[in-house]
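What follows is a single structure, written as structure tokens, with notes after it.
The values are calculated or read from the model by the stated rules, or taken from the named source; none is laboratory data. Remember, it's a predicted structure, so these values are computed and weren't measured experimentally. Neighbour counts are summed over all protein chains in view; Cβ atoms, including those assigned to glycine, are modelled from backbone coordinates with ideal geometry. Ligands, DNA and RNA are excluded from the accessible area calculation, which covers all protein heavy atoms including side chains. Shrake-Rupley method; radii C 1.70, N 1.55, O 1.52, S 1.80 Å.
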Amino acid sequence: MEKALKLFSGNANPALAKEICGYLGIGMGAATVSSFSDGELRVQIEENVRGADVFVTQSCCQPVNNSIMELLIMIDALKRSSACRITAVIPYFGYARQDRKDQPRVPITAKLVADLVTTAGANRVLTMDLHAGQIQGFFNIPVDHLYATPVLLAYITKVFGKDLKDLVIVSPDAGGVERARAFAKRLQANLAIIDKRREGPNNAHIMNIIGDVEGKHALLLDDMIDTGGTIVQGAQACADKGAKSVWAGCAHPVLSGPALERLQQSCLTEVVVTNTIPLNGKDQQCPKLRVLSVAPLLGEAIKRIHGEESVSSLFE
């Protein structure tokens, strides 16, 4: 007998979970996720999950620590309710930037979060656009790593149409070159790299551009936009080098601190993001934001995991 497919959601991004359910043609799993007066979280699964193939969607977005604890407690509740298999669907994996010891006496928090998810009882993980690919190796369970590339590609191809020959993909730093190169290859576009010197947390200084952007449409591509400093400085550097227009694209719109104001006041034409993190009206405050949905991509991956089919073929 085939295992029942059930999908539950924490409070981080319920709108995305509902979209995924719509794609799969199933109802959202019933669960109470609330808190006691002292801030402790309370979770109760309100339906039978014994022997079911269960997926829990939760992005590690603000408030980050609450979101992570919700995910862990939900996984534990499902495990104790005899779910057959539990897959943690984490569209945005928090603490991913703390993936190595880049200074003395600092933690590798991404590894700690991976250990917590595994210890809580997850049997596998489905995530998107990890900040660093090696984070997959932090887990001792299977990890399906999706990319927002197909969603972004479809939109960029539609927007630029015949102007694709004048498009250059720009990596905002050396670490993102592989991502930008793969994107440029799919579009048969040229590649440029910004030589960035970081002076401290959330503080970057742009040096120069390696590659030609003069007279071109420049698309700055990154995995996330946090405070917006890197993208805005990179956009200005491209404009100063004679770019015809400057666009930005990313999977995860963290958009903390002064990000919205910076983006709106920048020379950027449009900032294309996905809904791995809910914007909660930020796109109204910053009209330059264009939000694309990754629900069909996640939904198809969930369908394939449930059916024991290949997920990597989504990108072939």
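Quick look at the numbers
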read-out: Gaussian network model of the chain, Cα within-10 Å springs - most flexible of Arg105, Arg124, Arg262; value: Arg105
read-out: Residue (of Ala15, Phe36, Ala4) at the positive-pole extreme of region 1-51, dipole from beta-carbon charges; value: Ala4
read-out: Per-residue ³J(HN,Hα) for region 187-194, Karplus 6.51 cos²θ - 1.76 cosθ + 1.60, θ = phi - 60°, Hz, x for Gly and Pro; value: 9, 6, 9, 7, 10, 9, 10, 9
read-out: Whole-number accessible area per residue in Å² for the chain, which is evaluated in the context of all protein chains at 1.4 Å; value: 46 Å²
read-out: Region 37-79 and region 101-144: distance between their alpha carbon centers, rounded to Å; value: 18 Å
read-out: Lys, Arg +1 and Asp, Glu -1 on Cβ, resulting dipole of region 231-316 about Cα centre, debye, nearest 20; value: 320 debye
read-out: Exposure of Glu46 as accessible area (Å², to 10), given a probe of 1.4 Å and all protein chains; value: 100 Å²
read-out: Met28 accessible area, assembled protein chains, probe 1.4 Å, Å²; value: 70 Å²
read-out: Most to least packed among 183-195, 33-45, 270-282 [average Cβ atoms within 10 Å]; value: 270-282, 183-195, 33-45
read-out: Calculated on alpha-carbon atoms, Rg and Dmax of region 90-210 in Å; value: 17.3, 52
read-out: Residue (of Ala248, Cys286, Val106) at the positive-pole extreme of the chain, dipole from beta-carbon charges; value: Ala248
read-out: Taking N as its residue count, the alpha carbon Rg of the chain over 2.2 N^0.38 Å; value: 1.03
read-out: Candidate residues Tyr155, Tyr95, Tyr23: accessible-area rank, largest first, probe 1.4 Å; value: Tyr23, Tyr95, Tyr155
read-out: Theoretical FRET efficiency, 1/(1+(r/R0)^6), r = Cβ-Cβ of Val177 and Ile108, R0 25 Å, to 0.05; value: 0.60
read-out: Region 14-29 and region 242-303: distance between their alpha carbon centers, rounded to Å; value: 22 Å
read-out: Extent along principal axes [Cα atoms of region 51-154; Å; largest to smallest]; value: 44, 42, 26
